[in-house]
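Data first, discussion second: the structure below is written as structure tokens.
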Amino acid sequence: MSNNGKDRHVKVLVLGSGPAGLAAALYAARAELAPVVLTGMQLGGQAAITHLIENYPGFPEGVGGAQLGELFQKQAERFGAKVEFDMAHEVDFSQRPYKVVADSGEYLADTIIISTGASPVHLNVPGEEKLTGRGVSYCATCDGWFFKDKKVAIVGGGDSAFEEALFITRYASSVTLIHRRDEFRAGAILQKRAKDHPKMNFILNTVVTEIVGDDKLTTLKLRNVQTNEESTFDTDGLFIFIGHTPNTQMFEGKLEMSDLGYIIANDKMETSVPGVFAAGEVADPHFRQVITSAGMGAAAAIQATRYLEGEESVPEGGAVSS
Ligand code: NAP
């Protein structure tokens, strides 16, 4: 669809539908600002592909990531938020109202809350790209089931690697966690659960140097970083959980960003452009939790509300001033 955005001029446009985006939508909706959320690729963001979230308050038995995303969405919609399955790929902050170009056409927005999250980091070794979807995966909830009674390897030593490794033990015959050091970043509870699990094995001080297979993954080439000894490891699956990188490409040169590509926002979630706010992992290299992202989203919406209350209606083509 092509349009010039005039029929889609909204007070609050939220980019991304993870915990930050949907919490922002809830707060903006309750402020009667009728926010529109563009979901991005994945409704619910990264949290939605997390098998079980055990540290979001209010769910003593834990809650499925997808289920939590649906609950967030339902609650925001109950107060008037609109969730569009749409993907933004260009922004123009040079004049008010701001312009966002999405798959379905243009939107004009008086304020924008950016909550585009982050994407998994790749190992960048030979074979990785070719065998993604053919044994190599970045999402245990999506692909774990394919490895019923098969051998699986995991790379990473953080919470994600441990949590997802434990999830895959439901299906796989064995799960071998390969980590480049002999100490882990993962929390103590997860480490203990994994170390006590009969299906879990560990290869430490070791990196994957190549992922080998024709149609599908068969073997990993490994190198011990202490001895430089090389070896191979036969496996049906490889899940890579080595961190995330913020989804900020479309804001390059348009907003202030850190060296690592995170949007710089102050304690009111304000970015370097007035009326544009950032919340969640896109602006948070430190915490990256569902609860902290949701909190940032709520704060961004409260600040957007205050910002809109402080000005008269925004003239089309109006100049941007800080
Ligand atoms: P992370 O904590 O940054 O851990 C990344 C892991 O990957 C580290 O062990 C790192 O090794 C390893 N790594 C990085 N680059 C590598 C490479 N090129 N080759 C091999 N290994 C590499 O990432 P995360 O586990 O995705 O977690 C991200 C954030 O989300 C964290 O703050 C975490 O606490 C949070 N999180 C929380 C939960 C939860 O609370 N339930 C669940 C998931 C994630 P080094 O240790 O040697 O650097």
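The values are calculated or read from the model by the stated rules, or taken from the named source; none is laboratory data. Quick caveat: nothing in here was measured; it's all calculated off a predicted structure. Because the Cβ atoms are built from the backbone with ideal geometry, glycine has one as well, and the counts that use them run over all protein chains shown. In case anyone asks, the SASA skips ligands and DNA or RNA and just uses the protein heavy atoms, side chains included. Shrake-Rupley method; radii C 1.70, N 1.55, O 1.52, S 1.80 Å.
Summary of computed values
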{"read-out": "Filtered residue count, segment 183-194, keeping only those that are closer than 21 Å to residue 237 by Cβ and not in a loop (DSSP other than H, G, I, E, B)", "value": "3"}
{"read-out": "Elements of type strands (runs of 3 or more DSSP E) contained in segment 68-182, each with 2 or more residues being of a type in the set (Gly, Ala, Ser)", "value": "105-114, 118-120"}
{"read-out": "Odd one out for residue 150 among (1) open to solvent by 10 Å² or more (accessible area, probe 1.4 Å); (2) within 13 Å of the ligand (Cβ to nearest atom); (3) more than 22 Å from the chain's Cα centre (by Cα); (4) not aromatic (Phe, Trp, Tyr)", "value": "(2)"}
{"read-out": "Criterion (near the ligand (Cβ under 8 Å from one of its atoms), at pLDDT 95 or above and either open to solvent by 10 Å² or more (accessible area, probe 1.4 Å) or touching a Cys at 6+ places or on another chain (Cβ under 7 Å) (or both)) met by exactly one of 183, 163", "value": "183"}
{"read-out": "Qualifying residue in segment 24-35 (condition: under 26 Å from residue 140 (Cβ atoms) and touching a helix residue (DSSP H, G or I) at 6+ places or on another chain (Cβ under 6 Å))", "value": "no"}
{"read-out": "Condition met for residue 26 (crowded, with 16+ Cβ neighbours inside 10 Å, within 16 Å of the chain's Cα centre (by Cα) and at pLDDT 95 or above)", "value": "no"}
{"read-out": "Long-range neighbours under 7 Å by Cβ, at least six apart or interchain, first residue touching a residue at least 60 places away in the same chain (Cβ under 8 Å) and in the same structural domain as residue 279 (by TED's automatic domain parsing) within segment 20-44, second assigned to a helix (DSSP H, G or I) and of a type in the set (Val, Ile, Thr)", "value": "27/302; 28/305; 31/305; 33/305"}
{"read-out": "Residue check, residue 208 more than 13 Å from the ligand (Cβ to nearest atom), in contact (Cβ under 8 Å) with a residue 12 or more places away in the chain and not in a loop (DSSP other than H, G, I, E, B)", "value": "no"}
{"read-out": "Residues being under 19 Å from residue 142 (Cα atoms), open to solvent by 10 Å² or more (accessible area, probe 1.4 Å) and part of a loop (DSSP other than H, G, I, E, B) - total across segment 214-256", "value": "5"}
{"read-out": "Subset of segment 259-301 [open to solvent by less than 10 Å² (accessible area, probe 1.4 Å) and either part of a strand (DSSP E or B) or in contact with a His (Cβ under 8 Å, 6 or more places away or on another chain) (or both)]", "value": "263, 276, 277, 278"}
{"read-out": "Residue within segment 113-128 that is among the charged types (D, E, K, R), surrounded by 15 or more Cβ atoms within 10 Å (Cβ to Cβ) and not assigned by TED's automatic domain parsing to the domain that holds residue 19 present", "value": "yes"}
{"read-out": "Residue list for segment 26-69, restricted to those being out of contact with any Gly (no Cβ under 9 Å at 6 or more places or on another chain), within 16 Å of the ligand (Cβ to nearest atom) and β-branched (Val, Ile, Thr)", "value": "63"}
